[in-house]
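Before any comments, here is the structure.
The values are calculated or read from the model by the stated rules, or taken from the named source; none is laboratory data. The structure presented is a predicted model; accordingly, all values stated were derived computationally and were not measured. Here the Cβ is made from the backbone with ideal geometry for all residues, glycine too, and neighbour counts use every protein chain on show. Accessible surface areas use protein heavy atoms only, side chains included; no ligands, DNA or RNA. Shrake-Rupley method; radii C 1.70, N 1.55, O 1.52, S 1.80 Å.
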Amino acid sequence: MSSLSRRHLFGAAAAIIATAAAPRVFAQAPAPAAAPAGPFGLPPLNYPFSALEPHIDAKTMEIHHDRHHAAYVANLNAIAKANPQLATSAVPDVLGNLNALNDDIKFAVRNNLGGHANHTMFWEIMGPNGGKPEGEVLAAIDRDLGGLEKFQTDFNAAGGRQFGSGWVFVTVAKDGKLAIETRPNQDSPIMDGKRALLGNDVWEHAYYLNYQNRRADYLKAWWNTVNWSKIAERYAAAKSGTLGI
Ligand code: MN
C-alpha cells in the first residue's frame, strides 16, 4: 500500500473513530454497519432487543449493539486491512501489549478493540431471567466484596463516580479474587493483564434514551438484567485460565 493510500485509509478510519469516541456519541451514532468487510465480526445478541425491558429499552439495545458496537468492529476491520496481525492475534495478547503496536494505530486499537472486548462481555453477561448469584461466585462476593448487598451498593457508587464515559467492572484474578474497578472510555482490565468477570457500561449511550441524566437509576435497574449463570461460567473459566474476553 502506498503511503498516500495508507494516509487516506487512516484518515478515514480516524474520522469514524473520532465520531465513535465522542462523549455524546448517542446523538452521533453512525448508520448500522453493512455486512462484515473484514476479519472482525459483531457477536450476535443471544436474546431479543426487547428482552431486558423495562430496565433497558429495546431501542437502546438496538442502537447500542447494531450501531455503537458495530462501529468498533467496522473500525477494527479498517485498521486490520493494513495490519492483518491485529486479527490473527488473540484479543488479550493485543490488549495486554498495546505498547508493542505502532504509534499510528495504538490509540485506535485501544479504543476500538477495547470497545469490542468490553461490549462482547457486556452482551454475554446480560439476559432475561438472570437468576441470582450462588455457589462459588456468591462465596467469592461474600469473601472479597462484603456480601451481595454491599457489593451492589459499592459497584453502583463506583459507576456513578466514573466521570464521563467509561465502565465499572468486577475484575477477577487467577486465584479467583474479585475487585470493583472502573476504567475510562473503552479501556479494559485486559489491558492490565486482568479479566472482567462482569461489567456495566456507563457511557450515556447505554442509558440516555430511557434514563437521561439519571445514571444512578440505570445502575440500580441494571442488576435486573444480569445473567448470573453466565457469570458463574466466566468465573470458572477465569480460575482455569481459559477466560478470553
Ligand atoms: Mn457501549
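Residue-by-condition table, conditions (1) among the hydrophobic types (A, V, I, L, M, F, W, C); (2) within 20 Å of ALA196 (Cα to Cα):
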{"position": "MET61", "(1), (2)": "yes, no"}
{"position": "ARG67", "(1), (2)": "no, no"}
{"position": "TYR72", "(1), (2)": "no, yes"}
{"position": "ASN83", "(1), (2)": "no, no"}
{"position": "ALA90", "(1), (2)": "yes, yes"}
{"position": "ASN97", "(1), (2)": "no, yes"}
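So which pairs qualify, if the first residue must be in segment 84-107 and in a loop (DSSP other than H, G, I, E, B), the second must be open to solvent by less than 40 Å² (accessible area, probe 1.4 Å), the Cβ gap must be under 9 Å, and the two must be at least 6 apart or on different chains?
Qualifying pairs under 9 Å: ALA90/GLY244; GLY96/ILE190; GLY96/MET191; LEU101/ASN83; LEU101/LEU86; LEU101/VAL94; LEU101/VAL109; ASN102/ASN83.
Mind listing whichever residues of segment 164-180 are in a loop (DSSP other than H, G, I, E, B), open to solvent by 40 Å² or more (accessible area, probe 1.4 Å) and touching an Asp or Glu at 6+ places or on another chain (Cβ under 8 Å)?
LYS177
Kindly establish whether ALA237 is free of Cβ contacts under 8 Å to residues at least 12 places away in the same chain, in a helix (DSSP H, G or I), closer than 24 Å to GLY131 by Cβ and of a type in the set (A, V, I, L, M).
Details: free of Cβ contacts under 8 Å to residues at least 12 places away in the same chain: yes; in a helix (DSSP H, G or I): yes; closer than 24 Å to GLY131 by Cβ: yes; of a type in the set (A, V, I, L, M): yes.
Here the answer is yes, as ALA237 does meet what is asked.
I need every pair where a residue in segment 114-134 that is of a type in the set (Val, Ile, Thr) has its Cβ under 8 Å from the Cβ of a residue that is away from the ligand (no atom under 12 Å from the Cβ) and open to solvent by 20 Å² or more (accessible area, probe 1.4 Å), sequence separation at least 6 or different chains.
Listed pairs, sorted by first residue: THR120/PRO43; THR120/ILE245; ILE125/ASN227; ILE125/LYS230.
Regarding segment 41-53, can at least one residue be identified that is closer than 24 Å to ARG215 by Cα, modelled with pLDDT of 95 or more, open to solvent by 40 Å² or more (accessible area, probe 1.4 Å) and within 18 Å of the chain's Cα centre (by Cα)?
So far as segment 41-53 goes, yes, one or more of its residues are closer than 24 Å to ARG215 by Cα, modelled with pLDDT of 95 or more, open to solvent by 40 Å² or more (accessible area, probe 1.4 Å) and within 18 Å of the chain's Cα centre (by Cα).
Any residue that is farther than 17 Å from VAL172 by Cα, open to solvent by less than 60 Å² (accessible area, probe 1.4 Å) and within 14 Å of the ligand (Cβ to nearest atom) - is there at least one of those in segment 104-111? Steps first, please.
The initial filter retains those residues of segment 104-111 that are farther than 17 Å from VAL172 by Cα, namely 104-111.
Checking which are open to solvent by less than 60 Å² (accessible area, probe 1.4 Å) leaves us with 105-106, 108-109, 111.
Subsequent filtering for residues that are within 14 Å of the ligand (Cβ to nearest atom) retains 111.
Yes; the residues of segment 104-111 include at least one that is farther than 17 Å from VAL172 by Cα, open to solvent by less than 60 Å² (accessible area, probe 1.4 Å) and within 14 Å of the ligand (Cβ to nearest atom).
Taking ILE231, is it closer than 24 Å to LEU148 by Cα and more than 14 Å from the ligand (Cβ to nearest atom)?
Considered against the rule, which asks whether it is closer than 24 Å to LEU148 by Cα and more than 14 Å from the ligand (Cβ to nearest atom), ILE231 comes out as yes.
In this structure, does TYR72 turn out to be hydroxyl-bearing (Ser, Thr, Tyr) and not in a helix (DSSP H, G or I)?
no
Select from segment 197-212 the residues that are within 14 Å of the ligand (Cβ to nearest atom) and in a strand (DSSP E or B) and write down the one among them that is nearest to ASN156 (Cα to Cα).
My answer is ASN200.
Which condition from (1) more than 16 Å from the ligand (Cβ to nearest atom); (2) open to solvent by 10 Å² or more (accessible area, probe 1.4 Å); (3) within 30 Å of TYR211 (Cβ to Cβ); (4) not hydroxyl-bearing (Ser, Thr, Tyr) is the one that LEU95 breaks?
Here LEU95 meets the rest and fails (2).
Consider ALA157 against the criteria (1) touching a residue at least 60 places away in the same chain (Cβ under 8 Å); (2) assigned to a helix (DSSP H, G or I): it satisfies all of them except one. Which criterion is unmet?
(1)
Got at least one residue in segment 176-192 being within 16 Å of the chain's Cα centre (by Cα), at positive phi and not hydrophobic (A, V, I, L, M, F, W, C)? Spell out the reasoning first.
Residues of segment 176-192 within 16 Å of the chain's Cα centre (by Cα): 180-192.
Narrowing further to those that are at positive phi: 185.
Next, only the ones that are not hydrophobic (A, V, I, L, M, F, W, C) stay: 185.
The answer is yes; a qualifying residue exists.
Going through ARG183, ARG215 one at a time, which residue ends up being in contact (Cβ under 8 Å) with a residue 40 or more places away in the chain, open to solvent by 20 Å² or more (accessible area, probe 1.4 Å), more than 20 Å from GLY130 (Cα to Cα) and within 16 Å of the ligand (Cβ to nearest atom)? Steps first, answer last, please.
Working: ARG183 fails: in contact (Cβ under 8 Å) with a residue 40 or more places away in the chain.
So the residue among ARG183, ARG215 that is in contact (Cβ under 8 Å) with a residue 40 or more places away in the chain, open to solvent by 20 Å² or more (accessible area, probe 1.4 Å), more than 20 Å from GLY130 (Cα to Cα) and within 16 Å of the ligand (Cβ to nearest atom) is ARG215.
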